[in-house]
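Report on one structure; see the data block that follows.
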Amino acid sequence: MSNPDVHRSQALAKLPAEGQPELLFLLLHGAGADAAQMRPLAHALHTLYPQAAVLSLNGPEPYDRMPGGVDLHQGWQWYSLDGANDDNHAGRINAVLPDFIATVRSWAAQFNLPWQRVALAGFSQGAVLALEAVQQEVELAGRVLAFSGAYATMPGHAPPQVSVHILHGQLDGVLPYQDQIAAARRLVQLGGDVTADVLPDIGHELHEALIARAMEQLQTFVPARVWREAMQAAQAQGLADKEEND
């Protein structure tokens with residue numbers, strides 16, 4: 001991932017028919033898959049936001065847990081899970097975050113878009129990477145869609161001005177939904193803007209029902225900070241009106 005130009009060549013893109021993109025969605029697949037895994041989500045996003053650039057990226061490394069070895073190049077990973085455990089998982093993510101963050105910023109610069117108009121959408125390992133990236137880097141992306149993912153560590157702060165949408169299947173046996181619900185509650189306590197949807201009868205998959213729910217959240221969710229700003233503006237206007245009447 002150290003060379004963003006190489007990484008660009010590994011992207012599957014849906015771009016506006018004409019004109020400059022107004023939004024950028026970067027899609028991140030799960031371990032052992034590739035950019036094509038995210039096509040259903042890319043299609044949904046492109047339909048909802050035709051003026052957005054929707055890019056599905058390949059991970060930077062061949063998947064190293066593939067039977068037969070990495071030489072088969074059947075699938076990619078964002079970081080190695082070989083020998084991973086609770087003690088070293090966070091460290092592996094931290095090691096790849098600088099290059100990943102550079103990749104996100106490179107794509108945003110390519111389309112001349114501010115960070116608020118960048119969104120990260122990941123499945124499984126891709127969701128883990130997206131969640132941890134906005135925790136550790138301020139002003140990287142304005143939204144995260146995390147499908148069947150998890151935090152490497154329980155959030156210690158809420159990323160400022162970032163809306164986090166957690167989407168999970170209740171039957172997920174790989175990354176149980178309970179951990180994500182606990183993380184979402186923690187973010188709410190910390191003042192974060194977060195939604196958490198757990199849908200029944202869905203396992204560890206990028207299910208169409210989860211995608212549909214994500215599209216609803218993108219259209220309807222109003223961040224708490226917007227409400228706070230509206231309340232402050234109303235209060236300020238009320239004081240101004242009172243002073244004028246007095």
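The values are calculated or read from the model by the stated rules, or taken from the named source; none is laboratory data. Here the structure is a predicted model, which means the values were calculated and not measured. Cβ coordinates were reconstructed from backbone atoms using ideal geometry, including for glycine residues, and neighbour counts include every protein chain displayed. Each accessible area value is taken on the protein alone, full model and side chains, heavy atoms only, with ligands, DNA and RNA left out. Shrake-Rupley method; radii C 1.70, N 1.55, O 1.52, S 1.80 Å.
Miscellaneous remarks
- Filter result (open to solvent by 10 Å² or more (accessible area, probe 1.4 Å) and small (G, A, S)) within region 120-141: S124
- When region 157-175 is filtered for residues that are open to solvent by less than 60 Å² (accessible area, probe 1.4 Å) and more than 15 Å from the chain's Cα centre (by Cα), the ones remaining, listed by number, are G169, D172, L175.
- Here is the figure for region 143-156: residues that are small (G, A, S) and open to solvent by less than 10 Å² (accessible area, probe 1.4 Å) total 3.
- Listed by position, the helices (runs of 4 or more DSSP H) contained in region 1-117 that have at least 1 residues being within 21 Å of L145 (Cα to Cα) and modelled with pLDDT of 90 or more are 39-48, 89-110.
- Residues of region 208-242 satisfying the condition of being more than 17 Å from the chain's Cα centre (by Cα), among the polar types (S, T, N, Q) and at pLDDT 90 or above: T220
- Of all residues in region 180-207, those satisfying the criterion of being over 17 Å from the mean Cα position of the chain (by Cα) and not β-branched (V, I, T) are A182, R185, R186, Q189, L190, G191, L199, P200, D201, G203.
- Evaluation of A127 against (1) among the aliphatic types (A, V, I, L, M); (2) free of Cβ contacts under 8 Å to residues at least 24 places away in the same chain; (3) in contact with a Ser or Thr (Cβ under 7 Å, 6 or more places away or on another chain) (one fails), failing number: (2)
- Yes/no for E208 being under 20 Å from I101 (Cα atoms) and surrounded by fewer than 21 Cβ atoms within 10 Å (Cβ to Cβ): no
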